[in-house]
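Comments concern the structure below.
The values are calculated or read from the model by the stated rules, or taken from the named source; none is laboratory data. Just so it is clear, the model here is predicted, and its values are computed rather than measured. Cβ coordinates were reconstructed from backbone atoms using ideal geometry, including for glycine residues, and neighbour counts include every protein chain displayed. Note: accessible area is taken over every heavy atom of the protein model, side chains too, but ligands, DNA and RNA are not part of it. Shrake-Rupley method; radii C 1.70, N 1.55, O 1.52, S 1.80 Å.
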Amino acid sequence: GYVLLEGEVVVDKEAKAPVVVAAPALLGEMLQFNPRAQRTATVCARGRATALKFPWEEFYAQAKLCLSETEKDLLLESIERSVWERFGSETIIDLALFNGLPDVLKLRACLALQWIVQHRTLADGELLFAQDDLCGAIGYVVVQGAIRLVKTNYPPRIVDAPDVIGVMPRFDPGLQWSATATAQGDAHLLRFSWQEFTATLQRRLTPQEYALFTQVIDANAPAHFVH
């Protein structure tokens, strides 16, 4: 990401009119929702400009350590507002698990995930988890590549990015993975706790919004691998 401190830049996207953005401004926020990790616009300085460059992953990790829950919620709101005003629903990661949610709730769910994920990179054939391993409340977002699931007495299943593996369990400390997961080629995943994810959403959403979120997740879960 970039923080534009001084000057102006021109944001040029294919099939759209260029947009001039003046400092102070946050740039590059769209990349965090793009599972292919590719830029979707060209940004050029208009005259002299000064910007700070930073890694989003480190930003979220440091903010999580340094900020209170109230401060983190305020920061989330400001980033959310910036993303929505600049790009709208185009920033939303295309997860079938979220189908049926309004765009603004998809955006909030994606932003909430950024605070709690751990990045995992797997080489071809590397083990993610084994059948009968304890899984707790862990889920994975496959953002690049594919994961092969092998379950006893069932044909193998390939999960391609972007998708979710391990959908919202009703927490059971003895819950086990029902399949073995390995990388099909190189893969990049985001590991997260459903308990932490839902706790963040409960703070960020109204009771009605959270009820809709859980309703949609439950409805879409059968099409996914649920531990």
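From the Cα gyration tensor of the chain, with a ≥ b ≥ c the square roots of its eigenvalues, which class applies: rounded if a/c is under 1.5, or else prolate if a/b is larger than b/c, or else oblate? Verdict is prolate for the chain.
Placing dummy labels 7 Å off each Cα toward the beta-carbon, the span from Leu74 to Leu52 is 1.7 nm.
Pop the C-beta distance of Lys16 and Leu127 into the FRET formula with R0 = 35 Å and round what comes out to the nearest 0.05. That gives a FRET efficiency of 0.20. In the stretch 116-132, which residues have a backbone nitrogen under 12 Å from the label point lying 7 Å from Lys64's Cα in the Cα-to-Cβ direction? The answer is 116-120, whose backbone nitrogens lie closer than 12 Å to the label point. Would you mind telling me the share, in percent, of accessible area of the chain contributed by carbon and sulfur at probe 1.4 angstrom? In the chain, the share of accessible area belonging to carbon and sulfur is 52 percent.
Label positions at Leu175 and Val104, each projected 7 Å from the Cα along the C-beta direction, are separated by 3.0 nm.
Nearest 0.05, what FRET efficiency do Cys44 and Asn153 give at R0 = 41 Å with Cβ-Cβ as r? Calculated value: 0.10. For Ser82 and Ala221, FRET efficiency with R0 = 35 Å and r from the beta-carbon atoms, rounded to 0.05? With R0 = 35 Å, the Cβ-Cβ based efficiency is 0.65. Among the lysines, select those whose C-alpha is under 22 Å from the C-alpha of Lys106, and discard any that sit fewer than 8 residues away in the same chain. Partners found: Lys64, Lys72. Probing with 1.4 Å while keeping every protein chain in the model, the per residue accessible area of the stretch 43-123 equals 56 Å².
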